[in-house]
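What follows is one structure encoded as C-alpha cells, with my remarks underneath.
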C-alpha cells in the first residue's frame, strides 16, 4: 500500500514538472517572453529592466530554473488588466469556482447514481426509458445553451430565480461562500444545475450500464440464490462494484467540470476563475493564463492522486497479492 | 439479402426504431449541409443580400426579398434558416475533419502500441491516459492562449484533445484481439504480420472505434460551438452554430427568442441523433448484454 | 399433467411435474424446458445429465425461481414439501432461497463478489434470513468455512475471492449455500471449471457433507462420470425433455433410451484405444486432396521428427515504473508466471500421437504454442527435421508451414469477418501451395474431407455450430499440408457426442495423411484413446513420460498416480452395451 502511494506521488511530481516544461515552452514558443510579463505599451526602460530582472539574457535552462523558482514562490507576475499580483487575483477567485464545481459534482453523483441504478435495474420500464431519453438529451445539449434556457425560463419568463451573480455570501474560514445564505443558495442553484447537467447525465448512463450488466451476472444471481433481498443486492453488491469505474470517472470529470465552469461562469456572471481566464485569453493577459494553467495542472494531479488512492481502497485486487 | 456479419448488424440496428430514426436524421443533416448553397433561399454571408430593415424579424416574416423567413431573421437581417444550414455546414466540417484525423492518428498510435508491446506500449498508453484526464475544453483554451484564435488552431486543439480517446480504444481493442485464438491461428499458419494486423486484427477492432467516432464527432461539434460562444473559437468570418447562438444571446432577454433558440435546437437535434446512433451500436457490441 | 415417473416410497421433498420454461426468440418461443417431471426425496442425490442446450440448467434455475427475463415458466408445477412455488410472490420465494433451497454455480470466481471479503459475503447471506449480532455472525462464518475444510478460517474470513485458488473459491460458495442448512442444494456444473484432482476432492467432500446434513442434492452436469460417482438417481435430458431416468447404476449400465446409449457410447473410456466411436459417426466419405509434393527431408515413420530441446518460457513481470502504473490503472492483470515452462525436452516421432497431459497452470498450452512456432521460447530450441521452427533475432517469426495448430475454442479461433472459403484458402494462397484458380476447388475438397457440405465456402463462421466450426478449424490447419499438428484441447469445449465425431475425424485424417500429433488435453480418457505416448506435465516440467499403455497401467510418479486416481469412472457395464442406433 505504501509503495503504491509512493508510486502515485512520484508520478504526480512528474506530471507537474512536465506541465511546467510544457507551459514554459509554450510561452517561449509564442514569441518574446518579455511580452508575457509586461504590457505591450511599456517603455523601453521598463522592458530592459524586466529583461534584466527575469534574466531573459540567460541560457534557456537557467531561465527554466528561474521560472520554476518563481512558481515555487508563487510569483506569476502582475496582471495587465487588473494590475495586481496574479497569485492574489487567482486566490480571490478560486473559492467561488470551487464552490460551484463541488455543488455541481455532488449533485450529479448523489442524484445521478441512484437514478441510473434504478434505470439499469428495470431497463425496460417506462420510467427507465424516460430517464434514458432525458439523459441522452442532457448528454447532448451543450452546457452554454442549457444555461441560456435556464436563464430564459427561470429568470426571464418566471422570474423566480436570479439570473446571475453570487448573491449574499458568508465568510467561513476567511473565504466567502454562497451556499450558507438563502439568497446565496438561490443564486447557486441555476449555475450548479447548469454545470451539473452533463455530469449528471453521464453518471446516470454509467450507473445504468454497470447495473444492467451486473444484474445479469453470476455474482447477482448467486446473491439472489442465497436469498439476499434485491435492495441489499443493489446497495451492497452492485453499488460496490460499479463504484470502481464511477470513482474513476468522477475524478476525471471533476477536472473537466472545473474547466467547464468557465462556460457557466460566463453565462451566469459568476465571479470565479472561469470568467477570469476567458477575459485573460481575449485580452492576452498572459501572466494570468500561465498561472491558471499551472494551478489547473496542480489541481489535476491532486485529484488523480486522490482518485487512485480511492480506487485502491475500493478494489481489493489492487491491494494484496494472492495468499 | 445474404447473411453477412454486416447484414446481421444492420438487421439488429433496424430493430431499434429510435436509433434508425436518428440515423436517418444524421444522414439528412449531412446531405443538407453538403448541398447548402443549393437549398437555402439566401447566402447568409453574402453581405450584398442582407437588408438591415429585415433584422430581428420573427418567424414567418415575409422579407423585402419576397420570400418567407420561416425561422425569422437575426440581428443583421439574415434568414435564420439559411444561417443555420450554413452554420451546420461549418460545424460539421470542423467535427468531421477533427474526427477523421484524430481517428487515424489514434488508431495508429493505439494499434502500433499494442503491436510493439513492452515499454514503448506502456509509456505511450500512460501518456494517453494522462492526456485523457485533461479535459478537451481546457486543451482548447491552452491552444487558444498559446497560438491565438483561428480555424486551424481550433481543429488542432480538437484533434489533440480527441486522438487520445481513439488511441485508448484502439489499443484496448487491438490488445484484446491480439490475445484471441484466430490471431494465433493466423500466426500459426504463418501469415505475414502485415496481413495479420490489417486483415485480421484491424477489421475486428473497428466497431468500438466507430462508436467512439460518433461520440467524438458529436462532442467536437458541441465543443466548437461552446468555444465559439465564448469567443475563443472560430473567427467571426466563419459563423458556426455556436456563434449564431452567441449573437442571439443579447436578444434573448428582450424576448426575441428565435435568434438563439432555433440554432440551438438544430445543434441539439444533430448531436442527440449522433449520440443515439452511437448508443445503439455500443449496445449491440456489448457481449455482456447478449447472454 | 403427467404423473412423476417414479413410485414414491417416501414423501417427496421436491416434486416437479410437466415443467415448461420458454424464452421468446427471433423465430418463435425457444422451449428450453418443455414438459419435465421428476421428484427428489429428502437426502437424495439426483443427477441431471445432458448436453448443452438440453435445458438442464434452466430446469435448475426454474426450481429456485431465477429465470432471466424475458424467459418464463409457462406451465407445470414445482412443489416443495407440497407447497407450490410457481406463482409465489417474489418476497416469499426469497425467503425460500438460501434457507430451504440454495444453489452452487459453475464458476465461483464469477459467482463471488470480487470486491467484498468472504466474511462480508457470508454475513450478507446470513442476514438475509436471520437477525444476529456481529459476534455470532463471525463465529458462524468461521464455522461455515471450517465445515468445507478451509484451513485457518479465522484468518481466511477476511480474504477476498482473488486470494483463493479455484477449488477454494468453490468451497466458499458451497459454504454459503449450506449456511442455513437447506433441504435442497442445486449444483449447476460445480466442478466443470476445476482441475481433475480438485474435482475429485470436491465430489467426495460434497457427498460426505450432504449425507451428514441430510441435504438433498440436484447435481447438474454434462459429465456422466462425475454424475455416476455422486448420484443416487439420474435423469437424462435432451432438448427440454427427460428422456430417461432411474437409479444411477441402472441407467448408466443398462440404458433403455437410445440417446442415453449414444451418450455412453460416445465416451472414449468405453471403447478400446484408437477405435472409432459411435459406429464411426461423423467420419466423412471424401478423402482429403492429395499433397502436391512431399518434402525430401521427411523421415521414415517412427523416426524422431520434431525435437523440442530444453525449452524454457518465462513471462516477465512487467518491470519499470510506467509498466506497473499502467497495469494498476487499467485494472488489467500482468501475465502470471504460473503457465511458464521450465526446461522441457520432447521428441516427437513421425506418425505418432503424443499426448501432453496436465492441470491448469502446468504450462502445457505454452509448450504447445512454442512447439507450433506461435511464441518463441525464452531459451532452448524447437526443430523440425533439423530445421528451427522460428527465426532467431529480436522479433522471431515462424518460418515453416509444416507445423499447424488446432485450438480449443472453435468460436474464437475463426475470424468472424471472413468467409469460410477465404479462411481455408488464405494460408495456402499466401504460401503458394495452390494457385488462385485452384482455390475454390481446393476449399470444396477440404470441406468434404472434414465432413462438411462443399457448398459452405460462401458462408460466415457464425452460421455454424461448435462442432462444424471445429471441423473448419481442422480443415484450415490441414489445408496447409502439415506434417505435424499441435492440437490444444481440440475437443474440450464440445459436447460428448460431437467430441466423439471430432475424435473420429482426427483418427481418420491422421492415418490417411501420416500426421504426427501433439495432443494437449486435461482429459485423461481422451488422451488414453488417441495417444501412443504420453507426457505428464506439472508446474512447467515433465514429471513422467512413456508409452500410454504403460503409464495408465503402471504410473511411476506420485503425481501421475494421484491424477489417474482422481479420474472419475463410470460403473463397469454389467450387461453389455449394445451399440447405439438412434440419431445423433
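Odds and ends about this structure:
- Single unsatisfied condition, residue C:69 versus (1) within 11 Å of chain A (Cβ to nearest Cβ); (2) touching a residue at least 40 places away in the same chain (Cβ under 8 Å); (3) surrounded by fewer than 21 Cβ atoms within 10 Å (Cβ to Cβ): (2)
- Of the strands (runs of 3 or more DSSP E) lying entirely inside the stretch C:349-422, those containing at least 3 residues that are under 30 Å from the mean Cα position of the chain (by Cα) and surrounded by 20 or more Cβ atoms within 10 Å (Cβ to Cβ) span C:353-357, C:403-406.
- Residues that are at the interface with another protein chain (Cβ under 9 Å from one of its Cβ atoms) and assigned to a helix (DSSP H, G or I), drawn from the stretch B:140-176: B:141, B:142, B:144, B:145, B:146, B:147, B:172, B:175
- Filter pass, residue C:363 being assigned by TED's automatic domain parsing to the domain that holds residue C:506, at pLDDT 85 or above, touching a strand residue (DSSP E or B) at 6+ places or on another chain (Cβ under 8 Å) and closer than 21 Å to residue C:532 by Cβ: no
- With respect to (1) more than 10 Å from every other protein chain (Cβ to nearest Cβ); (2) assigned to a helix (DSSP H, G or I); (3) over 15 Å from residue A:110 (Cα atoms); (4) out of contact with any helix residue (DSSP H, G or I) (no Cβ under 6 Å at 6 or more places or on another chain), the lone exception for residue A:276 is condition (4).
- Residue in the stretch C:438-451 that is touching a helix residue (DSSP H, G or I) at 6+ places or on another chain (Cβ under 9 Å), facing another protein chain (nearest Cβ under 8 Å) and surrounded by 15 or more Cβ atoms within 10 Å (Cβ to Cβ) present: no
- Taken over the stretch A:216-238, the criterion of being more than 9 Å from every other protein chain (Cβ to nearest Cβ) and within 18 Å of residue A:128 (Cα to Cα) is satisfied by A:231, A:234, A:238.
- Condition check for residue C:111: within 7 Å of another protein chain (Cβ to nearest Cβ), without any contact (Cβ under 8 Å) to a residue 60 or more places away in the chain and closer than 21 Å to residue A:239 by Cβ: no
- All of (1) part of a helix (DSSP H, G or I); (2) within 14 Å of chain A (Cβ to nearest Cβ) hold for residue B:134 with one exception: (1).
- Put simply, of B:122, B:82, B:91 the only residue that is without any contact (Cβ under 8 Å) to a residue 12 or more places away in the chain and surrounded by 21 or more Cβ atoms within 10 Å (Cβ to Cβ) is B:122.
- Matching option when the condition is under 30 Å from residue C:570 (Cα atoms) and more than 26 Å from the chain's Cα centre (by Cα), among C:29, C:44, C:81, C:75: C:44
- Whichever residue in the stretch C:246-255 is touching a strand residue (DSSP E or B) at 6+ places or on another chain (Cβ under 6 Å) and surrounded by fewer than 24 Cβ atoms within 10 Å (Cβ to Cβ) and, among such residues, is nearest to residue C:280 (Cα to Cα): C:248
- Evaluation of residue B:286 against (1) more than 8 Å from chain A (Cβ to nearest Cβ); (2) out of contact with any helix residue (DSSP H, G or I) (no Cβ under 7 Å at 6 or more places or on another chain); (3) surrounded by fewer than 18 Cβ atoms within 10 Å (Cβ to Cβ) (one fails), failing number: (1)
- Filter pass, residue C:93 being away from every other protein chain (no Cβ under 14 Å), over 17 Å from residue C:239 (Cα atoms) and in contact (Cβ under 8 Å) with a residue 24 or more places away in the chain: no
- Against the test of being under 19 Å from the mean Cα position of the chain (by Cα), more than 28 Å from residue B:22 (Cβ to Cβ) and crowded, with 16+ Cβ neighbours inside 10 Å, the options A:90, A:151 yield a single qualifying residue, A:90.
- Inside the stretch C:43-75, residues that are part of a loop (DSSP other than H, G, I, E, B) and closer than 21 Å to residue C:190 by Cβ make up a count of 11.
- Residue B:213 vs. criteria part of a helix (DSSP H, G or I) and under 15 Å from residue B:281 (Cβ atoms): yes
- Only residues that are more than 7 Å from chain C (Cβ to nearest Cβ) and in a helix (DSSP H, G or I) were counted in the stretch B:177-194, giving 6.
- Residue A:117 fulfils the conditions (1) buried (at least 21 other Cβ atoms within 10 Å of the Cβ); (2) within 25 Å of residue B:268 (Cα to Cα); (3) over 23 Å from the mean Cα position of the chain (by Cα) except for a single criterion, (2).
- Qualifying residue in the stretch B:266-275 (condition: touching a helix residue (DSSP H, G or I) at 6+ places or on another chain (Cβ under 6 Å) and more than 10 Å from every other protein chain (Cβ to nearest Cβ)): yes
- Residue B:210 surrounded by fewer than 24 Cβ atoms within 10 Å (Cβ to Cβ), at pLDDT 80 or above and within 8 Å of chain A (Cβ to nearest Cβ): no
- Within the stretch C:512-547, the set of residues being touching a helix residue (DSSP H, G or I) at 6+ places or on another chain (Cβ under 6 Å) and farther than 15 Å from residue C:347 by Cβ comprises C:519, C:520, C:521, C:525, C:526, C:528, C:529, C:536, C:537, C:538, C:543, C:544.
Table: residues versus (1) under 30 Å from the mean Cα position of the chain (by Cα); (2) not assigned by TED's automatic domain parsing to the domain that holds residue C:219.
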site: C:89; (1), (2): no, no
site: C:126; (1), (2): no, yes
site: C:136; (1), (2): no, yes
site: C:146; (1), (2): yes, yes
site: C:160; (1), (2): yes, yes
site: C:163; (1), (2): yes, yes
site: C:166; (1), (2): yes, yes
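- Failed item in (1) buried (at least 22 other Cβ atoms within 10 Å of the Cβ); (2) outside any loop (DSSP other than H, G, I, E, B), with residue C:167 passing the rest: (1)
- Look at the stretch C:424-437: where a residue is away from every other protein chain (no Cβ under 13 Å) and a partner is part of a helix (DSSP H, G or I) and crowded, with 18+ Cβ neighbours inside 10 Å, sitting 6+ places away or on another chain with Cβ atoms under 9 Å, you get C:434/C:425; C:434/C:428; C:434/C:442; C:436/C:425.
- Residue match in the stretch B:95-111 (condition: part of a helix (DSSP H, G or I), over 16 Å from the mean Cα position of the chain (by Cα) and within 14 Å of chain C (Cβ to nearest Cβ)): yes
- The set of residues in the stretch A:281-293 being more than 8 Å from every other protein chain (Cβ to nearest Cβ), in a helix (DSSP H, G or I) and at pLDDT below 80 consists of A:287, A:290.
The values are calculated or read from the model by the stated rules, or taken from the named source; none is laboratory data. Quick caveat: nothing in here was measured; it's all calculated off a predicted structure. Methodologically, a virtual Cβ is constructed for each residue, glycine included, from the backbone with ideal geometry; neighbour enumeration extends over all protein chains shown.
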